[in-house]
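The values are calculated or read from the model by the stated rules, or taken from the named source; none is laboratory data. Since the model is a prediction, treat every value here as computed from it, not as a measurement. Methodologically, a virtual Cβ is constructed for each residue, glycine included, from the backbone with ideal geometry; neighbour enumeration extends over all protein chains shown.
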Amino acid sequence: MATVKLRAPLKDLAGGNREVSIDGESVGEVLKGLEQQHPRIVGWVLDEHGRVRPHVNVFLDGERVREDAAVAPSATIHVLPSISGGNR
Amino acid sequence: MTELLVGTKKGLFVLEGDPGAEKPFEVKARAFPGNVVEFAIRDPRTDRYLASVTSGHFGPRVMVTDDPTGEWEPTTGLAYPEDDDWTLERIWSIKPGEADGLLYAGVAPAGLFSSADGGMTWELNRAMFDQPTRKDWQPGAGGLCLHSIATWPGDPMKLAIGISAVGVWLSQDGGESWRHGNEGLVPRYIPEEAREGTIDLCVHNMHRAPLRPERLFMQFHGGVYRSDDAGESWIPIMSGLPADFGFPMVIDPADPDSAFVIPMISDGDRVTVDGKVRVFGTRDAGSTWSSLDAGLPQEDAYLTILRQAFGAEGEGPELGLYFGATSGDVFGSGDGGANWFSVHERLAPVNSVRVA
């Protein structure tokens, strides 16, 4: 099971959990699993096409990846806002 | 007391004050710091507040609360189908419908969503989404946005919507089917020989007169219009205005001959004309316009007021009028525009103003 680490506001949408354990063979599958476990997070990380939003960064074991990256069972995934996003 | 919901580039400001006192309103709350708030309303039927919030990181959504000074909850369903190219970018407008719990949301790229449960869950209007011309729709400068939703008092079947820049659409069956309502609109930004039958029509704002619902008023991209046949055709009524470009518009619900606009210099400049901040009002359906400027800046004031940044409350002599500019200034009048005062200065750039 991969460990997904979350910060605000995603942590709050996941019931206050900083870490969530989820099965999945790809980052996209894990993030879909995150949505199933915590439906309030639907649409925040993945858009309606299942793609990681352009200004969200996903790090898989220290490497920045997108939804198609393969995930090992012991992986750690950080999901956090990118510095390119925000509103000027 | 009057409560204003001011959506800005930097969150939602909830302002409270007494228009009779003609002094600045207090900031009662600020929500969604760092996020763009495109639009916010209170649904008077449920007292639920709904805000359209666009996060630069996490996308657009409608948030709801019963207390705008407290916590807000995300809603679900505002998304385009997974198998389509379109991705939801912004939610421009939220409008209560004419049935219990019914709400509409107008979004960009242009689409209509509805909610049957007071805004907690949303569903795409497929009839609009499946229009065969959709892939050819052209955006205006603000994007391809569905911003105006005109319901028909007491009849949920009749709807008129305005899209920039795809004109007016009319439905007689609650949104199950749509047809155009563009006759008479003149898009001067298109060569004359290409205007016939075009749907590249940049509606900026549109409102229905509730006491005479077959009447609509429209601020167009160059032109102000009135329809007396429920949006089938449009009559120009901009004679007497210092400019016919502008974005927002409001009406007095008690007076079907009334409309209020804020003229701005052409689409090349988009600021108030001659450095004077002036609201122009008509009480004779557009035959004449009066400048309503007492108390507004009249020297070197070059403001831009966006399409949702003008709101109203009440009616008749006590009609409240409130607008905000991208400068962060908000102005108000508690007497139908006869006298204005500064509601607040130096907020973030204002996207929308509505009275709660």
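In the range B:41-75, how many are at the interface with another protein chain (Cβ under 9 Å from one of its Cβ atoms) and either surrounded by fewer than 16 Cβ atoms within 10 Å (Cβ to Cβ) or assigned to a loop (DSSP other than H, G, I, E, B) (or both)?
Residues flagged as at the interface with another protein chain (Cβ under 9 Å from one of its Cβ atoms) and either surrounded by fewer than 16 Cβ atoms within 10 Å (Cβ to Cβ) or assigned to a loop (DSSP other than H, G, I, E, B) (or both) within the range B:41-75 amount to 4.
How do the pairs read when you match residues in the range A:1-29 that are closer than 18 Å to A:P81 by Cα with residues anywhere that are modelled with pLDDT under 95 and assigned to a strand (DSSP E or B), using Cβ under 6 Å and keeping only pairs 6 or more apart or on different chains?
Pairs found: A:R7/A:L80.
When only residues in the range B:288-310 that are without any contact (Cβ under 8 Å) to a residue 40 or more places away in the chain and in a loop (DSSP other than H, G, I, E, B) count, which is surrounded by the most Cβ atoms within 10 Å (Cβ to Cβ)?
Step by step, filter the range B:288-310, then rank; the result is B:L303.
Of (1) of a type in the set (A, V, I, L, M); (2) surrounded by 23 or more Cβ atoms within 10 Å (Cβ to Cβ); (3) free of Cβ contacts under 8 Å to residues at least 60 places away in the same chain, B:I262 satisfies all except one. Which?
(3)
Considering only the range B:219-229, state which residues are closer than 16 Å to B:D200 by Cα and part of a strand (DSSP E or B).
B:Q219, B:F220
For the range A:33-81, what are the residues that are small (G, A, S), within 7 Å of chain B (Cβ to nearest Cβ) and surrounded by fewer than 18 Cβ atoms within 10 Å (Cβ to Cβ)?
A:G50 - this is the single residue of the range A:33-81 that is small (G, A, S), within 7 Å of chain B (Cβ to nearest Cβ) and surrounded by fewer than 18 Cβ atoms within 10 Å (Cβ to Cβ).
For the range B:142-198, enumerate the residues that are of a type in the set (D, E) and part of a loop (DSSP other than H, G, I, E, B).
Scanning the range B:142-198 gives B:D173, B:E176, B:E196.
Step by step: first the residues of the range B:217-233, then only those that are within 30 Å of B:Y302 (Cβ to Cβ) and touching a residue at least 40 places away in the same chain (Cβ under 8 Å), then the one that is surrounded by the fewest Cβ atoms within 10 Å (Cβ to Cβ). Which residue is that?
So the first thing to find is which residues in the range B:217-233 are within 30 Å of B:Y302 (Cβ to Cβ), and the list is B:217-226.
Next, from what is left, pick out any that are touching a residue at least 40 places away in the same chain (Cβ under 8 Å): B:217-219, B:221-222, B:224-226.
Numbers: B:F217: 28, B:M218: 26, B:Q219: 28, B:H221: 22, B:G222: 18, B:V224: 28, B:Y225: 23, B:R226: 21.
Applying the filter and picking the extreme gives B:G222.
Residue check: is B:G20 surrounded by fewer than 23 Cβ atoms within 10 Å (Cβ to Cβ), at positive phi and either in contact (Cβ under 8 Å) with a residue 12 or more places away in the chain or not in a loop (DSSP other than H, G, I, E, B) (or both)? Lay out the reasoning, then the answer.
Details: surrounded by fewer than 23 Cβ atoms within 10 Å (Cβ to Cβ): yes; at positive phi: no; either in contact (Cβ under 8 Å) with a residue 12 or more places away in the chain or not in a loop (DSSP other than H, G, I, E, B) (or both): yes.
Spelling it out, it is not the case that B:G20 is surrounded by fewer than 23 Cβ atoms within 10 Å (Cβ to Cβ), at positive phi and either in contact (Cβ under 8 Å) with a residue 12 or more places away in the chain or not in a loop (DSSP other than H, G, I, E, B) (or both).
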